[in-house]
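Novice: Shown below is the structure under consideration.
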Amino acid sequence: MKMSKKKRIGILTSGGDCPGLNAIIRAVVKAANRKNWEVYGLPYGTDGFIHLAKGLCTPDELRLTTHGYDLPGHLQGIDILQFLSGSILGSLSKGDPQDPEIAQSILDGYERLGLDALIAIGGDGSLDIIYDLAQKGHWNFVAIPKTIDNDVPFTERSVGFDTAVDTVTHALYDLTFTAASHERVMIVQVMGRDAGHLALHAGIAGGADVILIPELVPHLSDQVVEGCCRQMADIRSTGRQFALIVLSEGVKNDNNGKEKYIGDYLANRINEQSHKLCENGLEEFCSLKNIDVRVTVLGHLQRSGTPSSSDRLIGTAFGIKAIELIEQEAYSRLVVWQHGGVYSQPLDQVIAVIRQCHRDNRCAYPVDPDGFMVQTARSLNIYLGDQHLPLSDLDPKPTSFQLAV
């Protein structure tokens, strides 16, 4: 086997944690070790470089090896990492190194570590920040997408999304039985930021009767709430007295404003609207007059849980692809999942889309309103809220991306 030039590789996780991060780290270390490369894990994202610059740690203390995280007993070595959620390196989910002194400390720490390349695992915000630093420091940089929101452009899947879908799906399964026992409507508020992928996929898999996502329902208008009431009234007319509503946190109130607890807001609106409709003589809504609506906010449970087999596989494939790109000296690229395979995309194209979408206050990779998953939900008679919205209120279709090798 032809030996490649020995390299020093850095790896960090940035942004909110999610299942599958440790599977990426494991894959990077194992693939790099086969090439006799050195891997250094940066603690808490770019803060690790600041720690180095300030002398709070040494390069040798950050070295990762196949035996770098031994556990007592039989479970020894780095292979156990693929089963663990979170990030063994820690992650940074706040702060933007716009301060010149902070940015310089990060750049100085990178120089002290003497890296040949850096692998950064993050979502769209984190990758935007690190890309800017990489440009300033002339870093050799490869990015890997991770987010439970699945909103990084150019990749069909980001690490962490599949496990989050499973977590929400299991929650919907469990809530079905308490909802049925008390004839309640359960509203489950899920994460996703401005993207509805998590709510849509989990809602379909978990048997939801209503799924509301920002791509189809920008705000909770009277028409949308009335549609929810009509869906529940129709369900009750068949003999079933409970229902499940999945609501993405990106949906806004009727004044187009953000609500931290949008689930509670919707519950109050449903109670108000059902009473109003009944009092206006629409008898089909009178069955909802005393309806019991409860809200569950899953919160950070969606970031936890044992990584699914899919997240472990994709995370592993992403980590190995990153090492291949470094070996080829193909830098400034984002590892992506497209059409069942792993490819890469130039980061300048990715960051340009992210920045433009942020300026326009829209999602960089939204749910396609005409896509297969939306059509699947419609075929199941799941109410999606947009049936009552004029076309001018709908978000634009997602950008079509050209696949790169």
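The values are calculated or read from the model by the stated rules, or taken from the named source; none is laboratory data. These numbers were taken from a predicted model, which means no experiment stands behind them. As a convention, Cβ positions derive from the backbone with ideal geometry for all residues, glycine included, and neighbour counts pool all protein chains shown. Surface accessibility is based on the protein's heavy atoms, side chains included, excluding ligands, DNA and RNA. Shrake-Rupley method; radii C 1.70, N 1.55, O 1.52, S 1.80 Å.
Novice: State yes or no: is residue 370 open to solvent by 60 Å² or more (accessible area, probe 1.4 Å) and either within 30 Å of residue 234 (Cβ to Cβ) or part of a helix (DSSP H, G or I) (or both)?
Specialist: Yes.
Novice: Quick test of your reading of the structure: residue 51 fulfils all but one of (1) at pLDDT below 95; (2) out of contact with any Leu (no Cβ under 6 Å at 6 or more places or on another chain); (3) open to solvent by less than 20 Å² (accessible area, probe 1.4 Å). Name the failing condition by number.
Specialist: (3)
Novice: Any idea which of 364, 322 is in contact (Cβ under 8 Å) with a residue 60 or more places away in the chain, buried (at least 20 other Cβ atoms within 10 Å of the Cβ) and part of a loop (DSSP other than H, G, I, E, B)?
Specialist: Among 364, 322, only 364 is in contact (Cβ under 8 Å) with a residue 60 or more places away in the chain, buried (at least 20 other Cβ atoms within 10 Å of the Cβ) and part of a loop (DSSP other than H, G, I, E, B).
Novice: So the check is Cβ under 6 Å with 6+ separation or different chains; which pairs have a first residue in the stretch 21-43 that's closer than 15 Å to residue 142 by Cβ and part of a helix (DSSP H, G or I) and a second one that's hydrophobic (A, V, I, L, M, F, W, C) and open to solvent by 10 Å² or more (accessible area, probe 1.4 Å)?
Specialist: Every condition considered, the pairs that remain are 27/320; 31/320.
Novice: Go through the stretch 115-172 and report how many residues are in a helix (DSSP H, G or I) and of a type in the set (Val, Ile, Thr).
Specialist: 7
Novice: Turning to a different aspect of this structure: Report whether or not residue 60 is at pLDDT 80 or above and at negative phi.
Specialist: Spelling it out, residue 60 is indeed at pLDDT 80 or above and at negative phi.
Yes or no, residue by residue, for (1) at pLDDT below 95; (2) closer than 18 Å to residue 214 by Cα; (3) open to solvent by less than 70 Å² (accessible area, probe 1.4 Å):
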residue	(1), (2), (3)
339	yes, no, no
347	no, no, yes
384	no, yes, yes
389	yes, yes, yes
405	yes, no, no
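Novice: Six or more apart or on different chains, Cβ under 6 Å: which pairs go from a residue in the stretch 2-17 that's within 28 Å of residue 147 (Cβ to Cβ) and of a type outside the set (Lys, Arg) to one that's in a loop (DSSP other than H, G, I, E, B) and modelled with pLDDT under 90? Could you list them?
Specialist: The qualifying pairs are 13/87; 15/93; 16/93; 17/86; 17/87.
Novice: Just name the residue that is farthest from residue 13 (Cα to Cα) out of those in the stretch 33-48 that are within 27 Å of the chain's Cα centre (by Cα) and open to solvent by less than 10 Å² (accessible area, probe 1.4 Å).
Specialist: My answer is 39.
Novice: Could you grab me the full set of residues in the stretch 1-20 that are in a strand (DSSP E or B) and surrounded by 24 or more Cβ atoms within 10 Å (Cβ to Cβ)?
Specialist: 9, 10, 11, 12, 13, 14
Novice: While we're on this one: Look at residue 303 and say whether it is basic (Lys, Arg) and open to solvent by 60 Å² or more (accessible area, probe 1.4 Å).
Specialist: no
Novice: From the set of residues in the stretch 265-293 that are in contact (Cβ under 8 Å) with a residue 60 or more places away in the chain and assigned to a helix (DSSP H, G or I), which is surrounded by the most Cβ atoms within 10 Å (Cβ to Cβ)?
Specialist: From the stretch 265-293, those in contact (Cβ under 8 Å) with a residue 60 or more places away in the chain are 266-267, 270, 291-293; that's our starting set.
Then drop every residue that is not assigned to a helix (DSSP H, G or I), which leaves 266-267, 270.
Numbers: 266: 25, 267: 22, 270: 23.
Going through the qualifying residues, I end up with 266.
Novice: Follow-up question, since we're still on this one. Taking the condition of being in contact with a Lys or Arg (Cβ under 9 Å, 6 or more places away or on another chain), closer than 17 Å to residue 156 by Cα and part of a helix (DSSP H, G or I), how many residues in the stretch 325-349 meet it?
Specialist: Of the residues in that region, 1 qualify.
Novice: If you go through the stretch 222-256, how many residues are touching a strand residue (DSSP E or B) at 6+ places or on another chain (Cβ under 8 Å), open to solvent by 10 Å² or more (accessible area, probe 1.4 Å) and part of a loop (DSSP other than H, G, I, E, B)?
Specialist: 6
Novice: Still on this structure, I have one more. Within the stretch 86-101, how many residues are in a loop (DSSP other than H, G, I, E, B) and at pLDDT 85 or above?
Specialist: Matching residues across the stretch 86-101 total 5.
The rows are residues; the columns are (1) hydrophobic (A, V, I, L, M, F, W, C); (2) within 27 Å of residue 83 (Cβ to Cβ); (3) open to solvent by less than 10 Å² (accessible area, probe 1.4 Å).
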residue: 126; (1), (2), (3): no, yes, no
residue: 134; (1), (2), (3): yes, no, yes
residue: 159; (1), (2), (3): yes, yes, yes
residue: 167; (1), (2), (3): no, yes, no
residue: 170; (1), (2), (3): no, yes, no
residue: 190; (1), (2), (3): yes, yes, yes
residue: 195; (1), (2), (3): yes, no, yes
residue: 200; (1), (2), (3): yes, no, yes
residue: 208; (1), (2), (3): yes, no, yes
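Novice: Residue under question is residue 316, and the condition is that it be open to solvent by 20 Å² or more (accessible area, probe 1.4 Å), among the β-branched types (Val, Ile, Thr), at pLDDT below 95 and over 30 Å from residue 231 (Cβ atoms); does it hold?
Specialist: No: the conditions fail for residue 316.
Novice: Would you confirm, using the coordinates I've provided, whether residue 163 is buried (at least 19 other Cβ atoms within 10 Å of the Cβ), out of contact with any Leu (no Cβ under 8 Å at 6 or more places or on another chain), β-branched (Val, Ile, Thr) and closer than 19 Å to residue 338 by Cα? Quick ask: steps written out before the conclusion?
Specialist: Values: buried (at least 19 other Cβ atoms within 10 Å of the Cβ): yes; out of contact with any Leu (no Cβ under 8 Å at 6 or more places or on another chain): yes; β-branched (Val, Ile, Thr): yes; closer than 19 Å to residue 338 by Cα: yes.
So residue 163 fits the description; yes.
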